[in-house]
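The values are calculated or read from the model by the stated rules, or taken from the named source; none is laboratory data. Every value quoted in this text rests on a predicted model; they were computed, and no experiment measured them. Cβ sites come from the backbone with ideal geometry, for glycine too, and all protein chains shown count toward neighbours.
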Amino acid sequence: MKFEKFKSNLDSIAEYESAPVPPSRLKGWKSFLGMYAGEHTAGTEFVIGPLFVVHGVTAFDLVTGLLLGNLMAVLSWAFLCAPIATGTRLTLYKKLEKICGRNLARIYNLVNGVMFCFLAGSMIAVSATAVGIPFGIEMPGLGDWMPTSIGWILAVFGVGLVITVVAVLGYDQIARFSNIAAPWMILVFLGAGLAVLPELGVKSFGDFWQVANEKIWVGATAGDVSKFTFWHVMFFAWFANMAMHIGMSDMSILRYAKKWQHGFASAAGVYLGHFFAWMAAGILYAVVLIQIVPQGMTLAGYLPTIGSDQMPSVAPGPLATYAIGISGAICVIVAGWTTANPTIYRAGLAIQAMMPRVKRWKVTLAVGLFTTVAACFPALVMKLLDFVALYGLILMPMGAVIFMDYHLFGKLGLAADYAEKQQSNFNPAAALTWFITLVAAVLLNIFMGVEIFFLGLPGWFLAAMLYVAFSKALQKRETMQTGSATV
Amino acid sequence: MRTFLKILSFLGLTLTILPSILVFAGRMELQNQHHWTLAGTVLWFATAPFWLDGKKKLEN
């Protein structure tokens, strides 16, 4: 009986998956500020920050790359995603259905949902590194791809189940928790970085830049690790959330905004989470890294002489606990939670759009369990930079399709929302655009050696041009066929 | 009551960051900083949910 009542309550949670958000449900900028600040000050920042140190970024390249890359990300949210989200009030998935047709949207939704699951999985794994501390669970190392112990799997499942249950309860619950946790979480991140600076020799703010260059971001890597430059940092910061801004996934969130300008609220997320938190996490890792350097050697001189398997683990739980105690462990758990929640929610929406008759909470529950299983594999964390870049790249072409369809098709004399108007289930112009863009990206990567971090920008322009060209050809053919049928 | 809770919450946030600043300035040991920060954490989460109502904000 109680279960039936609980189930009925869950069924009644309205998230407007298939209809525009009504004016009564629109939200002010403060809720987006909290949402973005919470979502982008995440457990994964504790991994990304150290990985920049591992990849030998210099201090100058890091600071300038993050400032510019994050600015580009905010502009992408504000000028690309938010105007379409507030103009249509639809989820990405519903908009895609109108443009691409139900069958193509289903394929996209499946890919999107799976990518979100893996992303949320990495966040759950990060939280698990903190949960495992009191039980003495051995943390996976830089080179570990498979689960390292039963204890690790149990820790992951504990975190995953809690996160899934909260995601099942809906967006408002997630936003509420993010709003409450965000201010505290940001201070713990900053406090952790600040507290360990004296161990690196920083006695005043004046010492910071010199120490940053000599002991943190020294511009050297282990022998078998690729080296990052300013361009890597800038494009990574810009495209870390490519699926969400350029790829339009955040239409699902920003459709609740009263004005498109609320897209600028993303600045709270990226500058706190993808600037200060990444730097703080890098500092934490440097404190552990510097301890392996033999006396008489510098970090820059020592790193090239070792392999990545000799470098310390980037497990965020122990790093944060060392710097700021139990609060650090709680922060890692909460940071993973506040990010994994909206990600599982988005994955639930994506998959639910494929089977609209099944209630969202049931889909989210299944998605959460799948995500938890994926989180058991540490490869998701250790290869996080590559994975984040990959998932943005895969979803990006459809963002270009939506952008061109919404802003330019009317001016070009082309029919927007083509599949809906033609009552078609499959828009071949959009499908070809997606497929050819990704093939071109793979070819650029394999034959011209263009790294994954740099493929998004040319890919977007290619997708935009291809979609216009294919749509012109398709709609001209349809017009001719209709005309000849009329004659 | 609401104002009192807000004051306690901001005290919690201050306790979360101030000990780290004192460690940085050489005025506190790392072990003490861990305890004070934990006190700040408990204070924040014990008081903030009563006035920082995310759901209400979303409706505004």
Subset of segment A:119-138 [part of a loop (DSSP other than H, G, I, E, B) and small (G, A, S)]: A:G132, A:G136
Within segment A:192-215, how many residues are at pLDDT below 90 and either more than 20 Å from A:D61 (Cα to Cα) or facing chain B (nearest Cβ under 8 Å) (or both)? 2
Where A:L187 falls short, out of the listed (1) closer than 30 Å to B:F24 by Cβ; (2) among the aliphatic types (A, V, I, L, M); (3) touching a residue at least 24 places away in the same chain (Cβ under 8 Å): (3)
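Going through segment A:24-62 one residue at a time, which ones are charged (D, E, K, R), surrounded by fewer than 24 Cβ atoms within 10 Å (Cβ to Cβ) and within 14 Å of another protein chain (Cβ to nearest Cβ)? Lay out the reasoning, then the answer.
Kept after step one, since they are charged (D, E, K, R), are these residues of segment A:24-62: A:25, A:27, A:30, A:39, A:45, A:61.
When the remaining residues are screened for being surrounded by fewer than 24 Cβ atoms within 10 Å (Cβ to Cβ), the result is A:25, A:27, A:30, A:61.
Result: A:R25, A:K27, A:K30.
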Can you name every residue in segment A:315-331 that is under 9 Å from A:F46 (Cα atoms) and either within 8 Å of chain B (Cβ to nearest Cβ) or assigned to a helix (DSSP H, G or I) (or both)? A:P316, A:G317, A:L319, A:A320
Anything in segment A:408-439 that is among the charged types (D, E, K, R) and surrounded by 15 or more Cβ atoms within 10 Å (Cβ to Cβ)? List them, or say none. A:D417, A:E420
A:Q295 fails exactly one of the following numbered conditions: (1) under 23 Å from A:A240 (Cα atoms); (2) in a loop (DSSP other than H, G, I, E, B); (3) not aliphatic (A, V, I, L, M). What is the number of that condition? (1)
Hey, among A:G296, A:G325, which residue is closer than 12 Å to A:A192 by Cβ and either surrounded by fewer than 23 Cβ atoms within 10 Å (Cβ to Cβ) or free of Cβ contacts under 8 Å to residues at least 12 places away in the same chain (or both)? A:G325
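In segment A:102-118, is there at least one residue being modelled with pLDDT under 95, closer than 30 Å to A:V21 by Cβ and assigned to a loop (DSSP other than H, G, I, E, B)?
Pass one, segment A:102-118, residues modelled with pLDDT under 95: A:102-118.
Within this subset, residues satisfying the condition of being closer than 30 Å to A:V21 by Cβ are A:102-118.
Still in the running and assigned to a loop (DSSP other than H, G, I, E, B): none.
Scanning segment A:102-118, I find no residue that is modelled with pLDDT under 95, closer than 30 Å to A:V21 by Cβ and assigned to a loop (DSSP other than H, G, I, E, B), so the answer is no.
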Scanning segment A:86-101 residue by residue, the ones that are buried (at least 21 other Cβ atoms within 10 Å of the Cβ), out of contact with any Asp or Glu (no Cβ under 7 Å at 6 or more places or on another chain) and in a helix (DSSP H, G or I) total 8
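Determine whether A:G69 is closer than 29 Å to A:L384 by Cβ and modelled with pLDDT under 75.
Working: closer than 29 Å to A:L384 by Cβ: yes; modelled with pLDDT under 75: no.
When the stated conditions are applied, A:G69 does not pass them.
I want to confirm something. Restricting to segment A:345-359 and keeping residues that are touching a residue at least 24 places away in the same chain (Cβ under 8 Å) and surrounded by fewer than 24 Cβ atoms within 10 Å (Cβ to Cβ), which single residue is nearest to A:M115 (Cα to Cα)?
First, the residues of segment A:345-359 that are touching a residue at least 24 places away in the same chain (Cβ under 8 Å): A:345-354, A:356, A:359.
Pick out the ones that are also surrounded by fewer than 24 Cβ atoms within 10 Å (Cβ to Cβ) and you get A:354, A:356, A:359.
Details: A:M354: 15, A:P356: 20, A:K359: 21 Å.
Result: A:M354.
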Cβ contacts < 6 Å: first residue surrounded by fewer than 19 Cβ atoms within 10 Å (Cβ to Cβ), restricted to segment B:1-25; second residue assigned to a helix (DSSP H, G or I) and of a type in the set (V, I, T), any location; separation 6+ or different chain. Result? B:L5/B:T47; B:L8/B:T47
Only unsatisfied item for A:R255, checking (1) away from chain B (no Cβ under 14 Å); (2) among the basic types (K, R); (3) under 25 Å from A:F116 (Cα atoms), is (1)
Quick check: is even one residue across segment B:47-56 at pLDDT 95 or above and within 7 Å of chain A (Cβ to nearest Cβ)? no
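State all residues of segment A:422-448 that are outside any helix (DSSP H, G or I) and either among the hydroxyl-bearing types (S, T, Y) or over 15 Å from A:D405 (Cβ atoms) (or both); if no residue qualifies, say none. Talk me through it step by step, then tell me what you get.
Just the residues of segment A:422-448 that are outside any helix (DSSP H, G or I), to begin with: A:423-427, A:448.
Answer for segment A:422-448, where residues must be outside any helix (DSSP H, G or I) and either among the hydroxyl-bearing types (S, T, Y) or over 15 Å from A:D405 (Cβ atoms) (or both): A:Q423, A:S424, A:N425, A:F426, A:M448.
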Taking segment B:31-46 and the residues there that are more than 7 Å from chain A (Cβ to nearest Cβ) and hydrophobic (A, V, I, L, M, F, W, C), the one that is surrounded by the fewest Cβ atoms within 10 Å (Cβ to Cβ) would be B:A46
